[in-house]
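Here is the structure we will look at, set down as structure tokens.
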Amino acid sequence: MSHAADRTGAPRSALLLAQEWVRLGLDVRILLRRDGVLRPEFEAVAPTDIYRSNPAFGLRDAGAMMQESDAVMALKCLRNPDRPYCRSGAERHHADVLADHYRGWGADAIYANTSHCADMIEQIGLNLPVLTHVREMAPSLLALDPRRRQHLVAGDGPVLAVSERGRVDLVEIGVAAARIAVEPPAAAVPDRAGLDAQRADVERELGLRPGDRLIASAGTVGSRKGADLFIDAVRQVLQPAPGPERIMAVWLGDGAWLEACRARVAEAGLAERILFPGAVADVTPVLRRAELLLCCSREDPYPRVLIEAALSGAPSIAFAGTGGAEEFIAEFDAGWLVPAFDTGAMAAQVRAALAARQGPDEALAGRVAGERSVQQSAARLLGHLNDLVGGTHGATTHS
């Protein structure tokens, strides 16, 4: 189960895991909360269902909810039918059909890709063991509606955090420490030679010259990922007098702040140097061309893009104390940390890193591939699932 089929980190992780489990011979079915651009890719891997395709909630639905459970929630659902647990009669019927379908299939367990899957687990009602992979930190966990948060806290099944920081946050909201293990995100190991062959295409699409130094970032363009901090840091990098090489920066992704960020860099006269091209289907060719990744997140349990950048040979610069980036950089010697939200310190570290090195860090890519590849992660997760159901499904570790 996953909460969406968009290009954000959690759905992309779910897609890669499903691909690897199918390759290992498991019988996989996929349930997504909502549709999205990745749906065809999920469908190419395994049978895929959408839990809520057209959220709706009318007066009749509100009346039924008032009688059954919660009048306050019924009023909230009238205002926002897309809330969890706000289901019309048609959606209830759809959930019942899905439940019958999955019971007939005979699943052994549910892998819930985020804590946001709790209402689907509850309402489908399969009475199966559940392995929940929590990809959120305290702010997001505390923002969960109380029913979903209680489902996570009160359960007796295993819970996976993506970082030690995430594990601490889970304990703080009431999840028993004994239930929690840590399994970070993973990414596909790219064909670096194939990516190098795409270099000229990347340069043409971004308007780069062959000798340009490129700084990259990726993620939803908004406050949590720190798109504004990225602009602030890069502007300071560009302030010194021009040198023999031109420094460029690109943020890959879309989001609520995309147009505002484009307007801001245009107003500063930097629209040709700080690029916001929007979402792309594959970030790895750009990450291979980049020499550094800037992780500007204000809070992030374990930014998956750091893994993708490292596997492409690009080290990262991130803010200390903001989540799993600190753990990743320390474990793999994968870059540098600067004081939280100090864009001046980040800019200084960018200049120092560019002065000290040039070109991909192939040793970094090799270190990360040994532990953060999707093959390694899928095998470990399969071990957790076997422990959960008492099964013996085979899995081998692939290099």
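The values are calculated or read from the model by the stated rules, or taken from the named source; none is laboratory data. Given the structure is predicted, the values throughout are model-derived calculations rather than measurements. Note that we place each Cβ from the backbone using ideal geometry, even for glycine, and neighbour counts take in every protein chain shown. The accessibility values were calculated without ligands, DNA or RNA, using every heavy atom of the protein model including side chains. Shrake-Rupley method; radii C 1.70, N 1.55, O 1.52, S 1.80 Å.
Using only helices, what value at 222 nm comes out for the chain when you add -39,500 (n - 2.57) per DSSP H run of length 4 or more and divide by the total residues, to the nearest 500 deg cm²/dmol?
On the way: 19 runs with 189 residues, N = 399.
Using -39500 (n - 2.57) per qualifying helix, the result is -14000 deg cm²/dmol.
For the chain, set up a GNM with springs between Cα atoms under 10 Å and report which of Pro184, Pro339, Pro158 has the largest fluctuation.
Looking only at Pro184, Pro339, Pro158, the biggest GNM fluctuation is shown by Pro339.
How tilted is helix 227-238 with respect to the longest principal axis of the chain? Cα atoms for both, answer in degrees (0 to 90, nearest 10).
The helix 227-238 is inclined about 10 degrees to the chain.
Taking a ≥ b ≥ c as the square roots of the Cα gyration tensor eigenvalues, with a/c under 1.5 meaning rounded and otherwise prolate when a/b beats b/c, else oblate, which class fits segment 98-199? It would help to have the intermediate numbers written out before the result.
Values: a/c = 2.32, a/b = 1.31, b/c = 1.77.
Oblate is the answer for segment 98-199, as a/c is 1.5 or above yet b/c matches or exceeds a/b.
In percent, how large is the relative contact order of the chain, given Cα pairs closer than 8 Å and 6 or more residues apart? Walk me through the numbers on the way to the answer.
Numbers: 691 pairs, mean separation 56.9, N = 399.
Answer for the chain is 14 percent.
Indicate the gyration tensor shape class of segment 333-385 (rounded, prolate or oblate), computed on the Cα atoms with a ≥ b ≥ c the square roots of the eigenvalues: a/c under 1.5 is rounded; otherwise a/b larger than b/c is prolate and the rest oblate. Mind showing how you got there, number by number?
Working: a/c = 5.52, a/b = 1.98, b/c = 2.79.
Oblate is the answer for segment 333-385, as a/c is 1.5 or above yet b/c matches or exceeds a/b.
Skip the ligands, DNA and RNA, and give the accessible area per residue of the chain with a 1.4 Å probe, whole Å².
43 Å²
Build a GNM of the chain with springs between Cα atoms under 10 Å: which of Asp169, Asp96, Asp254 gets the top mean-square fluctuation?
Asp96
Taking C-beta distances below 4.7 angstrom as the pairing criterion, name the unpartnered cysteines of the chain, in sequence order.
Cys with no partner Cβ under 4.7 Å: Cys117, Cys261, Cys295, Cys296.
Expressed as an acute angle from 0 to 90° and rounded to the nearest 10, what is the orientation of the C-alpha long axis of helix 374-389 relative to the principal long axis of the chain?
Computed tilt is about 20 degrees.
Express the relative contact order of segment 107-193 as a whole percentage, based on alpha carbon pairs under 8 Å and six or more residues apart in sequence.
Averaging sequence separation for qualifying contacts and normalising by length gives 26 percent for segment 107-193.
Relative contact order of segment 161-217: what whole-number percent is it, with Cα pairs under 8 angstrom and at least 6 residues apart?
Values: 24 pairs, mean separation 15.5, N = 57.
Contact order relative to length: 27 percent.
Pick from Gln67, Gln19, Gln236 the residue whose mean-square fluctuation is largest in a GNM of the chain, springs joining Cα atoms under 10 Å.
Comparing Gln67, Gln19, Gln236 in a Gaussian network model of the chain, the most mobile one is Gln67.
In whole percent, and with a 1.4 Å probe on the protein chains, what portion of the accessible area of the chain is carbon and sulfur?
Numbers: 8800 of 17180 Å².
The computed percentage sits at 51.
Report, by chain and number, residues whose modeled amide H sits under 5 Å from the one on Thr132, excluding near sequence neighbours (fewer than 5 apart, same chain).
Counting only residues 5 or more places away or on other chains, the set is Ala112, Leu160.
Report, in degrees rounded to the nearest 10, the 0 to 90 angle that the Cα long axis of helix 258-267 makes with the longest principal axis of the chain.
It works out to around 20 degrees.
In the neighborhood of Arg7, defined by Cβ-to-Cβ distances under 11 Å, what is the net charge if each Lys or Arg adds +1 and each Asp or Glu adds -1? Could you put the intermediate results ahead of the total?
Numbers: positive: Arg12; negative: Asp6, Glu41, Asp254, Asp282.
Residues close to Arg7 contribute a combined charge of -3.
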